[in-house]
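Working notes for the structure below.
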């Protein structure tokens, strides 16, 4: 099992492969991380905080996360740096350490990408609904490559836009089978309307 070292950004959100992530940065440790990623065309890892704060030590974090690739940045009027990222590969966290500046580093095992699974006919309506929903969510999805015929891609987008609890989103991210993820999303989608993620 080959492990890689990845800078970590613990958050109170779950990033899915292929999905958008917008962040406002002010902490020096993350500004330095983003500069390095931009310079080296590198990635950082997003993991859900189970216990703790985003600005603190993030005491307990999930063992499954997703890499994030920087695709755009913009200095904001309030002096913060706004960045836009797109989710990449899922990974399993095997250990973490902390740099002197407080940046978390993870020893991670990259997980296999979703198998290519066509969208089942009985769930094709989920793709049709997404075609209506995603354009209404603004520029967040401008950098997301569409694949409405893929069960995994459709499942991931619904996992993002449904108003699910963070632990439910993590449960979906942990599923290796894209068809199982899609089936679970379909079941949960009946209990509430789609809405933009916070």
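Residues checked against (1) in the same structural domain as residue 176 (by TED's automatic domain parsing); (2) surrounded by 14 or more Cβ atoms within 10 Å (Cβ to Cβ); (3) under 20 Å from residue 141 (Cβ atoms); (4) at pLDDT 85 or above:
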position: 32; (1), (2), (3), (4): no, yes, no, yes
position: 36; (1), (2), (3), (4): no, no, no, yes
position: 39; (1), (2), (3), (4): no, no, no, yes
position: 59; (1), (2), (3), (4): no, no, no, no
position: 63; (1), (2), (3), (4): no, yes, no, yes
position: 67; (1), (2), (3), (4): no, yes, yes, yes
position: 82; (1), (2), (3), (4): no, yes, yes, yes
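If you scan segment 117-144, which residues turn out to be at pLDDT 90 or above and surrounded by fewer than 13 Cβ atoms within 10 Å (Cβ to Cβ)? Listed by number, the residues that qualify are 118, 121, 122, 125, 128, 131, 132. Kindly evaluate residue 48 against the criterion of being assigned to a strand (DSSP E or B), over 24 Å from residue 137 (Cβ atoms) and touching a strand residue (DSSP E or B) at 6+ places or on another chain (Cβ under 8 Å). No; evaluated as a whole, the condition is false for this residue. Report yes if residue 52 is at pLDDT below 90 and farther than 15 Å from residue 15 by Cα, otherwise no. Spelling it out, residue 52 is indeed at pLDDT below 90 and farther than 15 Å from residue 15 by Cα. Would you be able to say whether some residue in segment 7-24 is surrounded by fewer than 17 Cβ atoms within 10 Å (Cβ to Cβ), outside the structural domain of residue 135 (by TED's automatic domain parsing) and more than 16 Å from the chain's Cα centre (by Cα)? No: segment 7-24 contains no residue that is surrounded by fewer than 17 Cβ atoms within 10 Å (Cβ to Cβ), outside the structural domain of residue 135 (by TED's automatic domain parsing) and more than 16 Å from the chain's Cα centre (by Cα).
Within segment 147-160, can one find any residue that is without any contact (Cβ under 8 Å) to a residue 60 or more places away in the chain, in contact with a strand residue (DSSP E or B) (Cβ under 7 Å, 6 or more places away or on another chain) and surrounded by 15 or more Cβ atoms within 10 Å (Cβ to Cβ)? Checked segment 147-160: at least one residue is without any contact (Cβ under 8 Å) to a residue 60 or more places away in the chain, in contact with a strand residue (DSSP E or B) (Cβ under 7 Å, 6 or more places away or on another chain) and surrounded by 15 or more Cβ atoms within 10 Å (Cβ to Cβ).
The values are calculated or read from the model by the stated rules, or taken from the named source; none is laboratory data. Just so you know, these numbers come straight off a predicted model, no measurement behind them. Note that we place each Cβ from the backbone using ideal geometry, even for glycine, and neighbour counts take in every protein chain shown.
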